[in-house]
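**Student:** Okay, here's the structure, questions in a sec.
The values are calculated or read from the model by the stated rules, or taken from the named source; none is laboratory data. Just so it is clear, the model here is predicted, and its values are computed rather than measured. Counting neighbours? That spans all protein chains shown, and the Cβs are built from the backbone with ideal geometry, glycine included. For the accessible areas, the whole protein counts, side chains as well, though only heavy atoms, and no ligand, DNA or RNA atoms are used. Shrake-Rupley method; radii C 1.70, N 1.55, O 1.52, S 1.80 Å.
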Amino acid sequence: MKTFLKILLIAALLLLAIKLSPVLFVGALIGMFVATVLGAVGVSLVVALLAVVLAAALALSPIWVPVLVVLGLVSLFRKTERTPQPVVTA
């Protein structure tokens, strides 16, 4: 008797799923549309943030470009305190 009730319950759930499938389909379509809109908004926000960072870098370039040149020259002409490792040939 338990097997018959299990089969009857599975059949009832199957009929319920078939009856609710159009509602689930519409819900899935609405969810995909919302995800698409939110994804587009997210991508546009990332692009706007990159534009702001690029504008800030360009506006501050009169400060950081000479600093980088000085640091590069200092590191180029600085003497290293370490002695080089001896080369051992076999």
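**Student:** Assess whether residue 65 counts as being open to solvent by less than 100 Å² (accessible area, probe 1.4 Å), modelled with pLDDT of 90 or more and assigned to a helix (DSSP H, G or I).
**Tutor:** no
**Student:** Something else about it: Report, by residue number, each residue of the stretch 1-43 that is surrounded by 10 or more Cβ atoms within 10 Å (Cβ to Cβ) and among the basic types (Lys, Arg).
**Tutor:** 6
**Student:** Inside the stretch 68-90, can you point out the residues that are surrounded by 10 or more Cβ atoms within 10 Å (Cβ to Cβ) and acidic (Asp, Glu)?
**Tutor:** none
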